[in-house]
Amino acid sequence: MDGETVYHSKGYTDTSDNDDFLVRKHQIKGGWVVWSEDISAVNRINSELEEATERIEEENDLIEEENRFTAEKVRYETQNRLYDNIAEHTHSQLVEIDEALVDTDEFDLRMKFCLLLGTYVKRCSNLMLVADHSPDISTDELYLSINESFENMGAFGIDYELRRDGETKLPAAQIIAAYDLFEAVVELVLDSVSACSIHIMPSEHTLMTAETDCVIPDIDRLSVNSPELELSSFVEDDIQHIILSIGGGSNG
């Protein structure tokens, strides 16, 4: 009972400070019986498990890093693809801006022209960025894009009117095609038009109508890059009317 050893097994050694042995004791009459269990095998297995766990964690870290790198690569490739598409889509306007900046004659007029084209590039790029995240775009975005272009047309002394009937969401390609058509009309009539009117969604089946106070001689150059849209035009009282309808068909 006082902790004095009375009997011990042959070959007994003190294992109290040895991590490979687990000391146990049990009270008996007159004192305690103390013994130690060899847990070296358990310790070895635990050590191997820890090493395996560390390897797995390292491998998981490598896998996570690889996945992060792959995701980043895909993101950059997607961004580059999108920026390439935007650059290709607005290529003609970018070339015109570059050419206009080379010549210093009529500087103010050229700057106004560059601002008008730059507005289209900016707004069209924004629409394409939105389209990359959403299949549909609100007609409000089309309204805002045309409105900013119209504001810059005012610098040329051109009167404009922009109307819209309600708001709806349409496939992104249709919204972009409508803004492209507007820009094409502007570039064709800029030197001869004095007034222009745009009406967005005047009816369920008409996306946009445009009217100019001058006849467009190269009206056949206009086209719309969307199979779901139909382009038509006519002249009445020296007013050029252009209708962009929803429903598809051949461009006319």
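The values are calculated or read from the model by the stated rules, or taken from the named source; none is laboratory data. For clarity, every value in this text was computed on a predicted model and none was experimentally measured. In this analysis, Cβ positions are derived from the backbone assuming ideal geometry, glycine residues included, and neighbour counts consider all displayed protein chains. Areas reflect the complete protein model, heavy atoms only, side chains present, ligands, DNA and RNA absent. Shrake-Rupley method; radii C 1.70, N 1.55, O 1.52, S 1.80 Å.
Scanning for something under 25 Å from Glu96 (Cβ atoms), among the hydrophobic types (A, V, I, L, M, F, W, C), crowded, with 17+ Cβ neighbours inside 10 Å and at pLDDT below 90, does the stretch 142-159 turn up at least one residue?
No, that holds for no residue.
Which members of the stretch 60-83 meet the condition of being open to solvent by 100 Å² or more (accessible area, probe 1.4 Å) and modelled with pLDDT of 85 or more?
Leu62, Glu64, Glu66, Arg68, Phe69, Arg81, Tyr83
Could you tell me which of the residues Asn46, Asn85, Asn80 is more than 30 Å from Ala173 (Cβ to Cβ) and among the polar types (S, T, N, Q)?
Asn46
Condition (residue is at negative phi, free of Cβ contacts under 8 Å to residues at least 12 places away in the same chain and not polar (S, T, N, Q)) applied to the stretch 110-121: is it met by at least one residue? Explain how you work it out, then say what you get.
Pass one, the stretch 110-121, residues at negative phi: 110-121.
Cutting the leftovers down to free of Cβ contacts under 8 Å to residues at least 12 places away in the same chain gives us 110-111.
Narrowing the set further to residues that are not polar (S, T, N, Q) leaves 110-111.
Scanning the stretch 110-121 turns up at least one residue that is at negative phi, free of Cβ contacts under 8 Å to residues at least 12 places away in the same chain and not polar (S, T, N, Q).
Of everything in the stretch 76-108 that's polar (S, T, N, Q) and not in a helix (DSSP H, G or I), which residue is farthest from Val121 (Cα to Cα)?
To start, the set of residues in the stretch 76-108 that are polar (S, T, N, Q) comprises 78-80, 85, 90, 92-93, 104.
Subset that is not in a helix (DSSP H, G or I): 90, 104.
Values: Thr90: 6, Thr104: 22 Å.
Applying the filter and picking the extreme gives Thr104.
Which one is farthest from Cys124 (Cα to Cα) among residues in the stretch 161-193 that are among the hydroxyl-bearing types (Ser, Thr, Tyr) and at pLDDT below 95?
Ser192
Leu181 - would you say it is open to solvent by less than 20 Å² (accessible area, probe 1.4 Å), assigned to a strand (DSSP E or B) and closer than 12 Å to Ile243 by Cβ?
No.
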